[in-house]
Amino acid sequence: MKKVLNFSALLMILLALAAMICFLGGCSIISPIINPSDITDTPEQREEAERKSIINATTFREGVSINGVAVGGMTYDEARSALLPLESELLGKFKYTFVAGENTYTLSATDLGVTVNLGEVLNAAFNICRTGTLAELKAELESIKTNGRDFPLQCIVSSEGIDSTIRKMTSDVYIAPVDATVEINKDDRDNRFTYVDGKDGQEIDREALVEMLNKLSAQSALEATVDMPVKPISPSVTVDDLKTLTTRRAFFGTSYSMSNSNNRVHNIKKASGLINGVVVAPGEEFSTNDALGPRRLETGWLPATAIILGGAGTEDQPGGGVCQVSTTLYNAVVMSDLEIVYRRGHSRVSAYIPGGRDATIDTGNIDFIWKNNTEHNIYVFSWVSSSKEEIYCEIYGEPFPDTFDAIDFVSEKVEEIEPTPTEYIELASLYAPYWKVRNAARKGYIYESFAVYYKNGVEVNRVSLGKTKYNMHPTRIYVWPGYVYGTPLDPLYEIKSDQ
């Protein structure tokens, strides 16, 4: 025990001596040398630290309120919890009355899909005093503390709520527009159409309604009466549209002066009248036989010359002459660039039209059919000029496309077919030496027809419409039974056709 105390005393003496030596030598082994860069408490640093503490505050500023509720000193979550009852209260008070026509609709927040912009307002209120210098921040904090700053809540109508409201009230407000119309004056060749102006309709103006609701929201209006705003709806078809869609596409005429018996002219006029003023809808087919109906005496048709025996002869039939009407129509249809569905030429070339450009018809047998291949109505007009002995056809509709502005219809004779030798046909009612000519020899022909397209008078396209064959006929003679081929026929015993 005595040795321990002596060691301690010695240690104390040595430490005292070391301290004295250091003091007398002007140095210290206790305090380190201070580096100026290690100093952290300069005025600038203290100011920045204070600025950051303001910016990074975790509570609302003193003096801040949301919709009149003081939230200063609250955390974000505390303020939100305090305001949730107010949000429910606002939604419960929300009531807008809409006036639509003669009816009114009172809608709640639920009806309109209303939401309160609580989150947006909380963020805006919480984020004030987050930028600027320390002096600016202190000045703003003092202003808020002294004067207060309130952030009002707003009720926002959703897009879905607006559209739902519009759907509810559409029938009360909506008035359909009335398109312009066109009336046909089928017997007024100088004024084919009369145009009637359309009328505007109306519908709810969604953009104006949204603007009105936004203004009410900005005013924090919980109750309001709203006259549903309307805007006009223009007709989809105007008079100008109709004028464009009633452009004349083609005009064509033929003369019947070479075959103008009263009965034939009657039939031509009757057929022309049945076609005049016809309207063919887009995609619709026009049947000439359907338009004219059966050609019979009891339906008002008169007997007139018609081609029979494959072009070898003629006879009077009810409706004779109507093929000139179908032919005139055919040429106008081709020149209108409409689709030919079915057409057949006569068995021999007609006197009133070049070969390849005729269209024969026969009740219940042969028809001329064409189709409206445009996107709008086609209007057909047909009439007869008694003074000129001519029949005409006009076709109106949408204008031609930009690629052409006119179509011509031409045909070319590509082949002549000579008659074969005379044929003799025994007829039981004849006896030697009497005989009769059934038909004289007639050449046959083949024509090819073309639709020729023009633009500003220059041919831009030529489309073949096919070939038409007209029958050749040898001379055919009726002879008595037992006639020996080659036996001369005495002209004195020829029976004429009128005998």
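The values are calculated or read from the model by the stated rules, or taken from the named source; none is laboratory data. Predicted model, so just to flag it, every value in this text is computed and none were measured. Heads up, the Cβs are rebuilt from the backbone with ideal geometry, glycines too, and the neighbour counts pull from every protein chain shown. Ligands, DNA and RNA are stripped out before the accessible areas are found, and what is left, the full protein with its side chains, is counted by its heavy atoms. Shrake-Rupley method; radii C 1.70, N 1.55, O 1.52, S 1.80 Å.
Worth a mention:
- Members of segment 253-277 that are hydrophobic (A, V, I, L, M, F, W, C) and open to solvent by 30 Å² or more (accessible area, probe 1.4 Å): M258, L274
- Selection within segment 445-482 - charged (D, E, K, R) and surrounded by 13 or more Cβ atoms within 10 Å (Cβ to Cβ): E448, K455, K467, K469, R476
- Under the condition of being among the β-branched types (V, I, T) and surrounded by 11 or more Cβ atoms within 10 Å (Cβ to Cβ), the residues counted in segment 483-499 number 2.
- Filtering S81, S53 for residues that are small (G, A, S) and closer than 20 Å to I144 by Cα leaves a single hit, S53.
- Test result for T75, of a type outside the set (D, E), in contact with a Ser or Thr (Cβ under 7 Å, 6 or more places away or on another chain) and open to solvent by 70 Å² or more (accessible area, probe 1.4 Å): no
- Residue in segment 197-215 that is nearest to G273 (Cα to Cα), counting only those that are open to solvent by 60 Å² or more (accessible area, probe 1.4 Å) and in a strand (DSSP E or B): K199
- Single condition G73 does not satisfy, out of (1) in contact (Cβ under 8 Å) with a residue 24 or more places away in the chain; (2) part of a loop (DSSP other than H, G, I, E, B): (1)
- The set of residues in segment 322-343 that are outside any helix (DSSP H, G or I) and open to solvent by less than 10 Å² (accessible area, probe 1.4 Å) contains only S336.
- Residue list for segment 353-403, filter: assigned to a loop (DSSP other than H, G, I, E, B), open to solvent by 40 Å² or more (accessible area, probe 1.4 Å) and under 23 Å from D290 (Cβ atoms): T363, G364, N365, N373, H376, N377
- Among (1) of a type in the set (S, T, Y); (2) closer than 26 Å to G72 by Cα; (3) open to solvent by less than 40 Å² (accessible area, probe 1.4 Å), the one test that T131 misses: (3)
- With respect to (1) surrounded by 13 or more Cβ atoms within 10 Å (Cβ to Cβ); (2) part of a strand (DSSP E or B), the lone exception for L86 is condition (2).
- Taken together, A306, A281, A291 contain a single residue that is surrounded by 15 or more Cβ atoms within 10 Å (Cβ to Cβ) and either at pLDDT 95 or above or within 36 Å of the chain's Cα centre (by Cα) (or both), which is A291.
- Counting only residues that are in contact with a strand residue (DSSP E or B) (Cβ under 8 Å, 6 or more places away or on another chain), free of Cβ contacts under 8 Å to residues at least 40 places away in the same chain and over 17 Å from V410 (Cβ atoms), segment 441-495 holds 3 of them.
- Comparison of A250, A224 shows that the only residue that is open to solvent by less than 30 Å² (accessible area, probe 1.4 Å), modelled with pLDDT under 95 and touching a Ser or Thr at 6+ places or on another chain (Cβ under 8 Å) is A224.
- Taking the conditions (1) touching a strand residue (DSSP E or B) at 6+ places or on another chain (Cβ under 7 Å); (2) more than 18 Å from S159 (Cα to Cα) in turn, I204 satisfies each one other than (2).
- Matching option when the condition is within 30 Å of I204 (Cα to Cα), open to solvent by less than 70 Å² (accessible area, probe 1.4 Å) and either out of contact with any Pro (no Cβ under 6 Å at 6 or more places or on another chain) or free of Cβ contacts under 8 Å to residues at least 24 places away in the same chain (or both), among G148, G92: G92
- Residues satisfying the stated conditions in segment 49-59, i.e. more than 17 Å from F126 (Cβ to Cβ) and either touching a residue at least 40 places away in the same chain (Cβ under 8 Å) or exposed (fewer than 11 other Cβ atoms within 10 Å of the Cβ) (or both): E50, R51
- Each residue in segment 289-329 was checked for being touching a strand residue (DSSP E or B) at 6+ places or on another chain (Cβ under 7 Å), touching a residue at least 40 places away in the same chain (Cβ under 8 Å) and within 27 Å of V182 (Cβ to Cβ), and 3 pass.
- E160 meets all of the listed conditions (1) open to solvent by less than 70 Å² (accessible area, probe 1.4 Å); (2) more than 29 Å from V69 (Cα to Cα); (3) in a helix (DSSP H, G or I) but one, namely (1).
- Residue check for E426: within 60 Å of the chain's Cα centre (by Cα) and modelled with pLDDT of 95 or more: no
- Of the residues in segment 183-190, none is in a helix (DSSP H, G or I) and open to solvent by 90 Å² or more (accessible area, probe 1.4 Å).
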